[in-house]
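**Student:** Handing you a structure now.
The values are calculated or read from the model by the stated rules, or taken from the named source; none is laboratory data. Small disclaimer: the values here were computed from a predicted structure and weren't measured. Cβ: placed from backbone, ideal geometry, glycine included. Neighbour counts: every protein chain shown. Please note that ligands, DNA and RNA were not included when accessible areas were found on the heavy atoms of the full protein model with its side chains. Shrake-Rupley method; radii C 1.70, N 1.55, O 1.52, S 1.80 Å.
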Amino acid sequence: MALRPPTLLPLVLLTAACTGSPGTTADPVAGDVDGDGLDASYEELVGTSDASADTDQDGCSDVVEVLGYFDPLEPTDRPYTGGYPRGPRPKDAVFDALAEEHGEGFEVGMLNPNWTLTDQHGEEIELRDFYGQVVMVDLASEWCDPCIDAAPILDAFYNDNKERGFVVLQIILEGAVNNSEPKPQRWIEATGVTFPVLADHSPGDYTQTEVAQYYLDVEGLEYSMPNFTLLDRELRITHLYVLGDLSEDLDADIALFESALEEPVPAVEPLLPANADALREELGMDPDSQVIPASLCGGAQ
């Protein structure tokens, strides 16, 4: 589970001028011994090393982690291999306040409790990493033909809108036959989807799943597929257990997603260096995008 980034503090602008390229020593920023584009005073403030461009040695440079809202001191907190959207994550106190205001649970209007499942790349996906995104929690099974039909349609919408902050967390409950264990990689080979695919299986009893049970608004052990739940940018449920084949109800569902995406992104003011804009330009990072390509960190560890 990812730790809280130390960069998520009140915004402080430091005096620095970016005259060189990150990762080089030509015309470095003042005091930038390691050539990563971050000056020494900023590195001291956030706790990174001014003698190493990758303090936590996770293969992702301090400057990319800082600009991408990851923790440069925690090797397990780095861009997901799948390149999923990520904005600044607030401190726990913000989630505590949301829970106090709206309640915490799995009912419409409530803040979702945090949870973690493993994706198709073997990485732990933590719900609260997607604060600021519109999150679709989609439940499917490999034996479900309408789920298979809907998958590429959903993936196309995800890829068209992930830079706006739309993410699909697809939870696979069962494999190719009823009650069998799901195989995320097999599902991806069959459907070609690129969003997170998470296995959450309990043979014959969905009430024993880790996460999926909370998004099935049913009594007994019978439920319908496909179904999805939509979370707003503060990770509160707006629509729970929406039934229907996406390929048949596409216009209505897309209108629902678009309406959610039009809501403002909640303000979180991370501690960024004064030369953040120049660094992003040199690294080719779009300041308006919520996607930090894993390729900037050398791909998977």
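**Student:** Which residues, counting only those in segment 115-143, are over 19 Å from the mean Cα position of the chain (by Cα) and surrounded by fewer than 21 Cβ atoms within 10 Å (Cβ to Cβ)?
**Tutor:** Initially, segment 115-143 is screened for residues over 19 Å from the mean Cα position of the chain (by Cα), giving 140-143.
Once the filter is applied, which keeps residues that are over 19 Å from the mean Cα position of the chain (by Cα) and surrounded by fewer than 21 Cβ atoms within 10 Å (Cβ to Cβ), segment 115-143 yields only Trp143.
**Student:** May I pose another question? Out of segment 188-216, which residues are in a helix (DSSP H, G or I) and without any contact (Cβ under 8 Å) to a residue 60 or more places away in the chain? Steps first, please.
**Tutor:** Looking only at segment 188-216, we keep the residues that are in a helix (DSSP H, G or I), and these are 188-191, 206-208, 212-215.
Answer for segment 188-216, where residues must be in a helix (DSSP H, G or I) and without any contact (Cβ under 8 Å) to a residue 60 or more places away in the chain: Glu189, Ala190, Thr191, Tyr206, Thr207, Gln208, Gln213.
**Student:** Do any residues in segment 280-301 that are more than 22 Å from Thr76 (Cβ to Cβ) and open to solvent by less than 30 Å² (accessible area, probe 1.4 Å) have Cβ atoms under 7 Å from those of residues that are at pLDDT 85 or above and not hydrophobic (A, V, I, L, M, F, W, C), where the two are at least six apart or on different chains, and which pairs are they?
**Tutor:** Filtered contacts from segment 280-301: Ser289/Glu163.
**Student:** How many of the residues making up segment 217-252 are of a type in the set (D, E, K, R), within 23 Å of Trp115 (Cα to Cα) and either assigned to a strand (DSSP E or B) or over 21 Å from the mean Cα position of the chain (by Cα) (or both)?
**Tutor:** Filtering segment 217-252 for residues of a type in the set (D, E, K, R) gives 217, 219, 222, 232-234, 236, 245, 248-249, 251.
With the extra rule that they be within 23 Å of Trp115 (Cα to Cα), the set shrinks to 217, 219, 232-234, 236.
From the residues that got through so far, the ones that are either assigned to a strand (DSSP E or B) or over 21 Å from the mean Cα position of the chain (by Cα) (or both) too are 217, 219, 236.
So the count comes out to 3.
**Student:** If you don't mind, another one. Determine which single condition Gly244 fails, assuming it passes every other condition in (1) surrounded by 14 or more Cβ atoms within 10 Å (Cβ to Cβ); (2) under 30 Å from Asp92 (Cα atoms).
**Tutor:** (2)
**Student:** For segment 162-180, which positions are open to solvent by less than 10 Å² (accessible area, probe 1.4 Å), farther than 15 Å from Val197 by Cβ and not in a loop (DSSP other than H, G, I, E, B)?
**Tutor:** Keep residues of segment 162-180 that are open to solvent by less than 10 Å² (accessible area, probe 1.4 Å), which gives 165-173, 175.
After this cut, where a residue has to be farther than 15 Å from Val197 by Cβ as well, the list is 165-166.
The answer is Phe166, and nothing else.
**Student:** Anything in segment 64-84 that is under 18 Å from Gln290 (Cβ atoms) and either in a helix (DSSP H, G or I) or over 12 Å from the mean Cα position of the chain (by Cα) (or both)? List them, or say none.
**Tutor:** Our first condition is that a residue be under 18 Å from Gln290 (Cβ atoms); within segment 64-84, this holds for 64-71, 77-84.
The answer is Val64, Glu65, Val66, Leu67, Asp71.
**Student:** Output the residues belonging to segment 144-161 that are over 17 Å from Asp249 (Cα atoms) and either touching a helix residue (DSSP H, G or I) at 6+ places or on another chain (Cβ under 9 Å) or crowded, with 16+ Cβ neighbours inside 10 Å (or both).
**Tutor:** First, the residues of segment 144-161 that are over 17 Å from Asp249 (Cα atoms): 159-161.
Hit for segment 144-161 is Asn161, nothing else.
**Student:** Answer yes or no: is there a residue in segment 77-85 that is modelled with pLDDT of 95 or more, of a type outside the set (Lys, Arg), out of contact with any Phe, Trp or Tyr (no Cβ under 6 Å at 6 or more places or on another chain) and farther than 22 Å from Asp200 by Cα.
**Tutor:** Pass one, segment 77-85, residues modelled with pLDDT of 95 or more: none.
No, segment 77-85 contains no residue that is modelled with pLDDT of 95 or more, of a type outside the set (Lys, Arg), out of contact with any Phe, Trp or Tyr (no Cβ under 6 Å at 6 or more places or on another chain) and farther than 22 Å from Asp200 by Cα.
**Student:** Restricting to segment 266-276, what's the tally of residues that are within 20 Å of the chain's Cα centre (by Cα) and either surrounded by fewer than 17 Cβ atoms within 10 Å (Cβ to Cβ) or in a helix (DSSP H, G or I) (or both)?
**Tutor:** The total comes to 4.
**Student:** Filter segment 89-105 down to residues that are within 27 Å of Arg78 (Cα to Cα) and of a type outside the set (Gly, Ala, Ser) and give me whichever is surrounded by the most Cβ atoms within 10 Å (Cβ to Cβ).
**Tutor:** So the residue we want is Arg89.
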